1. Hey, can you tell me all the residues within the range B:168-184 that are farther than 21 Å from B:Ile122 by Cβ and either aliphatic (A, V, I, L, M) or surrounded by 19 or more Cβ atoms within 10 Å (Cβ to Cβ) (or both)?
2. If you scan the range A:265-281, which residues turn out to be in a helix (DSSP H, G or I), of a type in the set (A, V, I, L, M, F, W, C) and surrounded by fewer than 22 Cβ atoms within 10 Å (Cβ to Cβ)?
3. Out of all the residues in the range B:175-194, is one or more within 16 Å of the chain's Cα centre (by Cα) and within 12 Å of chain A (Cβ to nearest Cβ)?
4. Please enumerate the residues belonging to the range B:48-78 that are surrounded by fewer than 23 Cβ atoms within 10 Å (Cβ to Cβ), more than 22 Å from B:Ser246 (Cβ to Cβ) and within 14 Å of another protein chain (Cβ to nearest Cβ).
5. Could you figure out which of (1) farther than 30 Å from A:Ser70 by Cβ; (2) touching a helix residue (DSSP H, G or I) at 6+ places or on another chain (Cβ under 7 Å) isn't true of B:Gln38?
6. With the requirement that a residue be more than 11 Å from chain B (Cβ to nearest Cβ), surrounded by fewer than 24 Cβ atoms within 10 Å (Cβ to Cβ) and not hydroxyl-bearing (Ser, Thr, Tyr), what does the range A:114-128 give you?
7. Return only the number of the condition from (1) without any contact (Cβ under 8 Å) to a residue 40 or more places away in the chain; (2) within 14 Å of chain A (Cβ to nearest Cβ) that B:Gln27 does not satisfy.
8. Please go through the range B:118-166 and pick out each residue that is within 15 Å of the chain's Cα centre (by Cα) and among the aromatic types (Phe, Trp, Tyr).
Amino acid sequence: MPSIEETSDLIAPPPEHCPGPEGEQAGKADACAGCPNQAICASAPKGPDPDIPLITARLSNIKHKILILSGKGGVGKSTFTSMLAWGFALNEETQVGVMDVDICGPSIPKMMGVEDEAIHVSASGMSPVYVADNLCTMSIQYMLPSKDDAVIWRGPKKNGMIKRFLKDVEWGELDYLLVDTPPGTSDEHLSVNSLLKESGIDGAVIITTPQEVALLDVRKEINFCKKAGIKVLGLVENMAGFVCPSCEGSSEVFMATTGGGEALAKEMGVEFLGRVPLDPRIGVACDYGESFFDAYPDSPSIKSLKKVVEKVKMQVGEEGDLEEES
Amino acid sequence: MPFEDIKHIVLVLSGKGGVGKSSVTTQLALSLAAKGNQVGVLDIDLTGPSMPRMFGAEAKTVVQGPKGWLPVSIGDGKIKVMSLGFLLNDRGDSVVWRGPKKTAMIRQFCTDVAWGPLDYLIIDTPPGTSDEHISIAEQFQDVKPDGAVVVTTPQAVATADVRKELNFCKKVEMNVLGIVENMSGYVCPHCAECTNIFSSGGGKVMAEEFGVEFLGSVPIDPKFGQMIETQKDSGSESLLEQYKKSGLYPVFTKISDRVIEKCEAK
C-alpha cells in the first residue's frame, strides 16, 4: 500500500487502475498512459511519507491512542467516543483529546456542545478546542464558515485534512487521544492507520448494534483491522435493549436474532466489552452537548458505560480509578 | 445508454449513517412493487452493502449475461437488486478501497448492469458527501434523476449532518423529493406508551427550514427488523406478502404515493 501524500495538486480525478499517486509505479504504469496527472505523478517524490516523522514527533507526548471504529453508520461511534472521553476526563489528572476524522459528517463538536467554536492558528500550529480543562477536541466543523456547509471532498483531500489534524494540531501532553471515525473501510481509515503506525496505536474499540444487518458490516470492520494489523481492544454492543420510562418494562428495539455483539465477539475471537442499553436521555444530552455522566449519573446506561470505560483502561494497561465510586 | 429503459430514478440519501437509508430503500422498493411497478435497487454503499441482507438474498450471485451483469431477482422478479455484496466471496469480507477504485466500481454499476425495462430505479447510498456521491452525481449529468429522498432521524445530532447533505443536493443541483423522518417514536410492547427514543419532530422542522416537502415520519417497529432478519425461515410467503401485513406498510404506501406523484409530474 503506497503511503498517502497531499495529492490535491492533481489536475484530474485518477483513472480506474490508478496505481496510487505515491506508489513506485506512479506515472509509469499502463493505466497512467494518457492520464492528465501522469507528469505530476511521475515527478513526485517517492518513498515513505516525509511527514510521518513530523507526526511521530508531534504525537510523542501522547500515551495512548485509541480508534473508535464501526463498519456501520449510526451505531453510536461518536456518542461512545464522547462518553469515553467524558469518562476518562472524570479524573482531573487525565488529559484527554478527541480527534474527529469524520470529514463529511462531523458530530463531536455538537455532542460536546462546542459547535460554534473556531480554531486558532499560531506559529506552532492549530490549537484544539477545549471542552473542559482536561478535554480538548479537533474537528473539521470548527473550520466551516457556516455550520450546515457540506464538505464535498474526494479521498485525497480528506487524507490531507487528516494529516493536518495529526501534524499541525498542538495536542500537547495527553494521556488519551481518541479518534472518532466515519463508517466504512476506506480512505479515512487507511490514512489514520498508515499515518499513526509509526507513533503506535494502542488499538481499536469497535461499536455495533445488536441486529444482524449491523453485525454484517461490523464483521467487515474487524476483518479490516486484522488486514491492517490494528489490535482490536474489544467490541461494545450499543442500543442493546430499552427500558420503557413509564412501565419499566424492558424490550429489544433492535432484535439480536443471531446472538448480537457477544456472539460476534466470540466468533471473531475478540474481547466483548459490554452492552449499553438505549436511554433517550443520552440522545437529548448529545443534542445539548452535555456530559451525561454529570447529568444522569443514575441511568442504567451510565452504569454499563462506566464498566466499559474501566475495561478499555485495563486493555491499554492503565489502572482503573472509577472503581471506588461505583 | 444503460438507463434508457428506466422511467424514473430516485436516490436515497442521508449525511448521517444508520438512520435507515437501506430500510427506507427496501420499503420504498416493496411498496412501489406492491403497486405493480417493476423496481430495480442499486446499492452503491461499497464498504457496507446491506441490500443483499435486507432482501434475504445473501446466497445469490450476479451472473454475466449477453448484455451485461444480470441483477438478482427477488421473489417473482418484480424487484431486481444489484449490490457489491453479491460479488464478494464471503459475507464477512471487507472491501478496503480508496476513492478511485470506488469511483470505478460505481461507474461500472451504472454502465454494465442489464436492468431491462424498469419503472423505478432506487439507488441506496452510503453516508456522507464524498467519493460515492460525487461519482453518482457525475454519472447522472446527462440523465437527470427524478430526485432524492433524504432520510433523517429526529435528533439534532443527525439533522446536523443531514443539513450538509441538503446543501450537497443544492450544490450538485439534485432535486429533493422530500424528507423522511425515520425512527420517530417507539411503542413499548408492554404498555403501548410511545417513547421518542431519538426525540421527535426534527425532520419536519428541517424540511420547513429548507423549503422541501416532508414526506412523513416512520416509527421504530422492531417487527420490521425481525421480519427482515428471519425472512428465510418463514417458508413460502414472499417478503412482499409479509411486508403487506407489517404495520409500516400503510405508512410507506403514503410515502411512495407522494414519490410517484412527484416523479410523474416531471
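1. Passing the criteria: only B:Ser184.
2. A:Met268
3. yes
4. Within the range B:48-78, B:Ala59 is the sole residue that qualifies.
5. Going through (1) farther than 30 Å from A:Ser70 by Cβ; (2) touching a helix residue (DSSP H, G or I) at 6+ places or on another chain (Cβ under 7 Å) one by one, B:Gln38 breaks only (2).
6. Within the range A:114-128, A:Val114, A:Asp116, A:Glu117, A:Ala118, A:Ile119, A:His120, A:Val121, A:Ala123, A:Gly125, A:Met126 meet the criteria.
7. Exception for B:Gln27: condition (1).
8. Across the range B:118-166, the qualifying residue is only B:Tyr120.
The values are calculated or read from the model by the stated rules, or taken from the named source; none is laboratory data. Note that this is a predicted model, so its numbers are computed, not measured. Note that each Cβ is placed from the backbone with ideal geometry, even for glycine, and that neighbours are counted across all protein chains shown.
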